[in-house]
Structure formats: C-alpha cells, structure tokens
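Take a look at the structure below.
The values are calculated or read from the model by the stated rules, or taken from the named source; none is laboratory data. Quantities reported herein were computed from a predicted structural model and do not represent experimental measurements. Glycine gets a Cβ as well: all are built from the backbone with ideal geometry, and neighbour counts include every protein chain shown. Just so you know, the surface numbers come from the protein's heavy atoms only, side chains and all, with ligands and any DNA or RNA stripped out. Shrake-Rupley method; radii C 1.70, N 1.55, O 1.52, S 1.80 Å.
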Amino acid sequence: MFDGMNATASALTAQRLRMDTASGNMANASATRGRMVDGEWEPYRRKMVTMAPQENRPSFASHLQNAERENTEGVQVTGIVEDQTPFQTMHQPGHPDADEDGNVELPNVDPLKEMVDVMGATRSYEANVTVFDAHKAMKMNAMEIGRG
Amino acid sequence: MALFSSTIDQLHNGLDGAELRQNTIANNIANADTPNYKARKASFEHMLGDARQQFDSQKTDGRHVDFGEGHREAYTSVDRSRSYNHNGNSVDMDKEMAEMANNQIYQSALVDRMDGQFGNLKTALGGQ
C-alpha cells in the first residue's frame, strides 16, 4: 500500500545525498591535503553519487517477476565515486604544499559543475515532494469513502 | 440479489488502477536522474467495464493457446527505444507531472462516486 510513498522517500534521500556531496565538493574546492599517498599529500578529489533503480525482495521469484514485469521500488545510491580527471595546477611558490618548481596541485572541483548539480538535485527533490503530497492526498481522499 | 452492484466492483478496479499508476509515476520521478532508466507506463483501462474481448473459440489440441478466457490484469510496460537525456534516461518530467495530476483527479472522482454508492446503500438500508 505504501510502495509509492517509499519509492518517493528513497528518492528524497538520494537527492539529499547528492546535495550533500556537492556541498562537500564546494567546501573542499581548495583543499590541497585531501589524502596522504606515499607520504605525500594529494589534493581533494571531486566525489559523485551513482544511482540505480531499487529492486527490493531479493528472492528468485522476485527476480523472475521483475524480469517479467519490470517492477522497481524507488531509487538507490549504489556508491560515491571519485572523479578521476586530473588536478589543476597553479604556480604558487610560497604555498606549503608547492613542489620544487613552486607549483601546487589543486582539487579537480569545478564550482560551475557543482552548481549545476545542486540545481538538478534541488529540482528533483522538489518534484519528489510534489509526488509525495499528491500520493498523500490520494490516500487521505480514499479514507473518506463511506464517511459521509 | 447482490448487495453490492457491479458499479462498486468497477470503481474498485479503477481505484486499484489509479494506485498502480500513481506508484509507477512515483518510481519514474524517483529515477529521473538514474542513468539508463526507462520510464514505465501503467495500463489498466482495459479492465474497466466489460470491454474484454470474448472469443468464441474451441481448442482442438491441448497445446493451443488460450483465447479469451483469462483476461489480462493491470500491468506496466517499458518503451526501451526512447531517451530524453544524454545518459539514456527516458523520464519526461513534464509528462509525468501532467499524468499525475490527471490521475489525482481521476482517483478523486472515483472516490466521490464510491462514496455516493455507499450513500445510496445507506439511504436504502435506512428505509427513509
């Protein structure tokens, strides 16, 4: 009975995580000490959320049914992956993390990309809130049967 | 004489269908950002009324496929050929939202009618 609402709830969680990840990226846009690799600091790497349709009920019968009827129950976050694009470098000789030539490696975070992601997540979140409201209204409406 | 008319059964079918459609739309919108997700479509209108086709058929062999006997229940279908997004996703947000508004009104109308049916029953039982 609450399948639809649960599906929407999973999407709200996923979109919130997307938003959090984008915030984390923005906050660390100039963090030069993200992780220690072989005794040297590596700048922060941009993180991204990957999502896939959620299929509950992991039994043989349910797999068969899903294959036949293509049922899904919301969305699930399959992981947070790191963006492997190269780091930006900047000439800044006075920086404590500069190499011998005075170049500093900076995170591969592009604020513009993050903003686009934030806007996408916001819009999707809003859409799911609308769906949730509609669903709730329908359920409450059905409760009225036989009352009057 | 049956206490509940067939109208109530049909309204019931309609409400079940509206719920299936709502769940399908909820899933589509939940997966609006999922790569390679294909939007599903709920079909149930064929269950309403007595529109199901009744074939006058006779099986001459046990291996023959059934004709009009079991009618198909509500189902969801996927169109794999479409894509609205560069990542293979085919959810059209505007379409889904419009569909949901339609479904809401449809369900509301059904609930109203169902309520009316019970109201009639009540009046009849009250004997006034």
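Points worth noting:
- Qualifying trypsin sites (Lys or Arg not before Pro) in the range A:4-50, DSSP loop, other Cβ atoms within 10 Å at most 13: A:ARG33
- Degrees, to the nearest 10: A:3-27 long Cα axis against longest axis of chain A: 10
- Rounded to the nearest 20 debye, dipole of the protein assembly as shown from Cβ charges on Lys, Arg, Asp, Glu: 900
- For the set A:GLU55, A:GLU82, the ranking by accessible area, highest first and with no ligand, DNA or RNA atoms included, is A:GLU55, A:GLU82 under a 1.4 Å probe.
- Taken one residue at a time, the phi angles of the range A:47-55 give Karplus couplings (6.51, -1.76, 1.60, θ = phi - 60°) of 10, 9, 8, 10, 10, 8, x, 8, 10 Hz. Gly and Pro are set to x.
- For a label point 7 Å along the Cα-to-beta-carbon line of A:GLU144, residues of the range B:110-126 with backbone N under 18 Å: B:110-120
- Net length gained if the chain between A:MET90 and A:ALA137 were fully extended (0.36 nm per residue, minus Cα distance): 11.4 nm
- Here the Gaussian network model covers chain B, with springs between Cα atoms less than 10 Å apart; of B:VAL91, B:VAL65, B:VAL78, B:VAL65 fluctuates the most.
- B:MET97-A:ASP99 FRET efficiency (beta carbon distance; Förster radius 41 Å; 0.05 resolution): 0.20
- Longest exposed-site-free window of chain B, the sites being chymotrypsin sites (Phe, Trp or Tyr not before Pro) in a DSSP loop that have at most 16 other C-beta atoms within 10 Å: B:5-54
- In degrees, nearest ten, helix A:111-143 long axis to first principal axis of chain A (Cα): 10
- Between helix B:93-126 and chain B: long-axis angle, C-alpha atoms, 0 to 90°, nearest 10: 10
- Most positive-pole-ward Cα, B:LEU11, B:MET100, B:ALA32, against dipole of chain B from beta carbon charges: B:ALA32
- With at most 13 other Cβ atoms within 10 Å, longest stretch of chain B clear of loop trypsin sites (Lys or Arg not before Pro) (DSSP): B:1-51
- Residue-by-residue Karplus 3J(HN,Hα) for the range B:36-44, coefficients 6.51, -1.76, 1.60, Hz, glycine and proline x: 6, 6, 10, 5, 9, 10, 8, 10, 8
- Accessible area per residue in Å² at 1.4 Å probe, computed on the protein assembly as shown: 61
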